Amino acid sequence: MRVDKLALLSAARSVKLKFLLKDFGREGRFREIRLIVDTLMKNPLTLASIIILGVLIFIAILAPWIALYPIYESNIEKKYKPPSLEHPFGTDHLGRDIFSRVVFGARSSLIAGITIVAISVAIGWPLGVVAGYRGGKIDTLIMRITDMFLAFPSLVLALIIAFILGPSLINSMIAVSVTWWPWYTRLARADTVSLRERAFIEASKAMGLTDFQIMLRHILPNTAAPIIVQATMDLGTAILLASGLGFLGLGAQPPEPEWGLMVSEGRPVILSAWWVSVFPGLFIFTTAAAFNLLGDGLREALDPRVRRVRGA
Amino acid sequence: MKPLLVVENLKVHFDTYDGVVKALDGVTFDVYEGETFGLVGETGCGKTVTVLSIMRLLPENSRIVSGRIMLRGENLLEKSEDEMAKLRGRKISMIFQDPLASLNPVFTVGEQITRVIMIHQQLSKEKARERAIEAFKLVALPEPEKILKTYPHELSGGMQQRVMIAMALSTDPDLLIADEPTSLLDVTIQAQILKLLQEIKSRKKLTILLITHNMGIVAEYCDRVGVMYAGTIVERGPVKQILKKPYHPYTKGLLAAIPKPESRKRRLHVIEGFIPDLINRPRGCSFHPRCPYAREVCREKEPVAEEVEPGRYVMCHLVEEVMVA
Amino acid sequence: MSGFRQYLVKRIILALVIVIGMSMITFFLARVAPSDPAALWVGLHARPEQVEKARIELGLDKPLYVQYFIYIRDLISGSWGISYRTRRPVIEDIMNYLPASIELAVAGLLIASVVGIPLGVIAASKKDTRVDHACRVLGVLTLSTPSFWMGLTLQLIFARILGILPLQGRLSPDVAEMNPIQRITGFYLLDSLLTGNFIAFQDALLHIILPSITLAAYSTGLSLRMTRSTMIEVLRERYIVAAKAFGMPKNVIMFYYALKNAIIPTLTVLGISFAWTLTGVFLVEVVFNWPGLGTYTWRAILAVDYPVIVAVTVISTLIIVVTNLILDLIQAYLDPRVKL
């Protein structure tokens, strides 16, 4: 072992230090990215999901210009009109154009999903890395807290927080994030634990890098892959949860054009005016499906074993 | 002596993202009954691919492009998967480099070996258990009954490998393929395991195909050897002769690289260069970029295996020249 | 196996800590919420003195930690307060509604596992073939469907348009009148069978079909995906190649050898499925008007009904913690590598 360390030290010092360590950790970065993108493009389902998400983001950003009618104005004479050229998705119980509302609803849903996942990842990922890398008491403490939060089904805690803070879209987002970060902690920790035994970490320590620098520059990037995959799929589930809360009346409140809320508004007239519930629900489904497919595709693309096989 | 196994001009390609990897580019050798044949070469030269081809256990992205593998006159490459499954573990057995990874962690070793025995020989569980104990005794495992109940991770590396050997030999196969069985073990255990194999070979009628990267092991334990480089066998023949008088420059380089304490030289001999890119193989002889004797013809034409002495084959243009002259 | 016993004790203590921790958090959070429980208790048109009186009655004038201890004491002794909305003891309400939710959850979990797990195994064994792709697409579809929307659509198709399945509830009103189910366990399917009440059994069965399928959808996709990736991991291991080298036939490898390796992660799958099933129960109950804990809690939240919220939180935490504990213990028992 000693001989190896000496050899590593002298080898690393004679070559450009930073580059060597980076290569150890990243293995030729740019080539990897190209590989990932190529693999993604090859799968037709993944390609479709990327396109769908692109369209969705486009719609969300340009909502004010795509929407046909004002979304908050009621027009009682026009209520419950079926889909037509004038109103592609029909109108709801207040005569509002459903197509326009659905288009604006894309904003709330995408923002909700991204916020929830972003917060969860921002909290959970670093915590998991710290827990996995440091071990010992810090690890135990973090994992105990994590277990405690994992014991709650997310919807229950979300309901409670909605109850305490009052129902609104923002509160429901906070509520769901609070329950989700533990998953990322667990994921990151498991990955970190297997990483910290690797030789390049020992080499970094021998170089004199502090724990913080090692965690930041080496562990964090290397644990990114499963986190990204999970986050993408969770975006779909997050949108499902947010719209679920909206449906229950515990998320976005009327007259917000939130998809889940719109589905519940159409519930009393589902027989006669099916379009009020069906279109928003369809959008929820498509968005969630696109994220899930993308996550699936990413998982395949980021899996190091799937892509390269050399004979031995 | 009759050849038990004959591999003729085996070519195997792998389809990868970066291109087609031509892992084996015409491998030819034969293994006689009752001998230990060594397949030696650097990591990546194709040793494991060769034996996986014999066992027909190659991964999905592989293609056997041409060649024949004859076991007692039958071409294994033409057999169906079912037929191969009957042969594996019964006529040909294989043991692997990492014994811990090759044993299922959630079953006891007893359960694993008795299942193998029961699959190949229709025996009752008790009879199979008895045979298992016999097999454990064969490989000199102490307290065989106790070991039956242990889990793989509870045994030492040497004992794990003995268990694997016991499993492989429990059905009295004709051929045992050992893929670097000792590379991960301590040096002292290495010697034990290899001596054990020798002993068993002399007691039972066993032929061994031994893969290794260690010329020392070849010298000590093999009768004949094939030196592999970049997917071809560049030299093969009886070990003693090759050690005394190597023909191929690669073999010479390998032998020269073995550190000798009594040598006066200060520097270790090194074969310059790296193993070639198997996707874009060099034209002509695959060794020519690193060969100190390389000439024009080496860069142009691929050499053919020439029988320079009875039973000695070499793939090198220089040798051809010597022969012609 | 004293190592195992140690592990058991450790896990039980941990479980208790979690439950206590959660009850504390919920309690304190509930108490700091903006609405005034005393006012809610007395109703909208009460006079200030009535609100004060209620406050003292409810013990809301005492310091927080005293309230908490009173609460814990009451919890353990079984008196969980009175619902502000129904005016009945919370524990009575819970006992009434819990079996309905459990019955639904079990049905959903059963369907999810029976469909999802074998499909995951098949998809893994036929990786990258059409069967595999079909299974994965099915998994994604079920994971992406909003349960409330699916419920509504199923109601639309099967109850309204086709008319072959009931729209909502656990039992048709006329069956409840004519052939009421004698209550033994509270599980309609079980009780009706036990008492030979086949008319009610059939009716209850028809009623549970749509809700349980809706509930099972998400977990099915989850189980399929997780089982598939577990099996693929196992099948890549060296010992599978070695098993083939020893001549083990493929079906023995799939269903005996590899399966045992996959069982342990499969238990994890079951645990997660269970957690998501509990999440989904809320939405499904609301859509199908299922008289279970989900609908009860939903109404409680809308009515700011403190005691119910806290009680339900404790119960659901308890259920999840206990279930995870059992699963963990089974896992530890099965895996010989865990150093107990």
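The values are calculated or read from the model by the stated rules, or taken from the named source; none is laboratory data. Quantities reported herein were computed from a predicted structural model and do not represent experimental measurements. Virtual Cβ from ideal backbone geometry, glycine too; neighbours counted across all protein chains shown.
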Inset, instruction - Would you check if A:Ile36 is within 28 Å of A:Ala225 (Cβ to Cβ), in contact (Cβ under 8 Å) with a residue 12 or more places away in the chain, out of contact with any Pro (no Cβ under 8 Å at 6 or more places or on another chain) and away from chain B (no Cβ under 14 Å)? - result: no
Inset, instruction - Mind listing just one residue for me: the one in region A:269-292 that is surrounded by 24 or more Cβ atoms within 10 Å (Cβ to Cβ) and among the polar types (S, T, N, Q) and, of those, farthest from the other protein chains (Cβ to nearest Cβ)? - result: A:Thr287
Inset, instruction - Go through (1) in contact (Cβ under 8 Å) with a residue 60 or more places away in the chain; (2) of a type in the set (A, V, I, L, M, F, W, C); (3) within 12 Å of chain C (Cβ to nearest Cβ); (4) buried (at least 18 other Cβ atoms within 10 Å of the Cβ) and name the single condition A:Val178 misses. - result: (1)
Inset, instruction - Answer yes or no: is there a residue in region A:230-237 that is within 14 Å of chain C (Cβ to nearest Cβ), in a loop (DSSP other than H, G, I, E, B) and surrounded by 24 or more Cβ atoms within 10 Å (Cβ to Cβ). - result: no
Inset, instruction - From the list C:Asn251, C:Asn261, pick out the single residue that is without any contact (Cβ under 8 Å) to a residue 60 or more places away in the chain, in contact with a Pro (Cβ under 8 Å, 6 or more places away or on another chain) and of a type in the set (S, T, N, Q). - result: C:Asn261
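Here's the yes/no breakdown for (1) more than 22 Å from A:Thr287 (Cα to Cα); (2) free of Cβ contacts under 8 Å to residues at least 24 places away in the same chain; (3) surrounded by fewer than 18 Cβ atoms within 10 Å (Cβ to Cβ); (4) in contact with a Phe, Trp or Tyr (Cβ under 7 Å, 6 or more places away or on another chain):
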residue: A:Ala60; (1), (2), (3), (4): no, no, no, no
residue: A:Ala67; (1), (2), (3), (4): no, no, no, yes
residue: A:Ser74; (1), (2), (3), (4): yes, yes, yes, no
residue: A:Lys81; (1), (2), (3), (4): yes, yes, no, no
residue: A:Ser84; (1), (2), (3), (4): yes, yes, yes, no
residue: A:Pro88; (1), (2), (3), (4): no, yes, yes, yes
Inset, instruction - Determine whether C:Lys250 is among the basic types (Lys, Arg) and modelled with pLDDT under 85. - result: yes
Legend entry - The listed residue being of a type outside the set (D, E, K, R), crowded, with 20+ Cβ neighbours inside 10 Å and touching a residue at least 60 places away in the same chain (Cβ under 8 Å), out of C:Tyr296, C:Tyr239: C:Tyr296
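Take the residues in region C:1-56 that are among the aromatic types (Phe, Trp, Tyr) and at pLDDT 65 or above; name whichever of them is surrounded by the most Cβ atoms within 10 Å (Cβ to Cβ).
Among residues in region C:1-56 that are among the aromatic types (Phe, Trp, Tyr) and at pLDDT 65 or above, the one surrounded by the most Cβ atoms within 10 Å (Cβ to Cβ) is C:Phe27.
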Legend entry - region A:216-232, residues that are within 12 Å of the chain's Cα centre (by Cα) and of a type in the set (Lys, Arg): none
Inset, instruction - Sort through B:Gln97, B:Gln121 and tell me the only one that's out of contact with any Asp or Glu (no Cβ under 6 Å at 6 or more places or on another chain), surrounded by fewer than 23 Cβ atoms within 10 Å (Cβ to Cβ) and over 19 Å from C:Pro336 (Cα atoms). - result: B:Gln121
Inset, instruction - With the condition kept exactly as written, say whether any residue in region B:128-146 is within 18 Å of B:Tyr221 (Cα to Cα), assigned to a helix (DSSP H, G or I) and modelled with pLDDT of 90 or more. - result: no
Legend entry - The listed residue being out of contact with any His (no Cβ under 7 Å at 6 or more places or on another chain) and either closer than 30 Å to B:His13 by Cβ or not in a loop (DSSP other than H, G, I, E, B) (or both), out of B:Leu255, B:Leu268: B:Leu255
Inset, instruction - Considering each residue of region C:95-147, count those that are within 14 Å of another protein chain (Cβ to nearest Cβ), farther than 25 Å from A:Ala288 by Cα and either in a helix (DSSP H, G or I) or among the acidic types (Asp, Glu) (or both), and give that number. - result: 2
Inset, instruction - Would you tally the residues in region B:160-191 being closer than 13 Å to B:Ser102 by Cα and more than 14 Å from every other protein chain (Cβ to nearest Cβ)? - result: 1
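Taking strands (runs of 3 or more DSSP E) that do not extend beyond region B:1-76, which have at least 3 residues that are under 13 Å from the mean Cα position of the chain (by Cα) and more than 14 Å from chain A (Cβ to nearest Cβ)?
So the answer is B:19-32, B:36-40.
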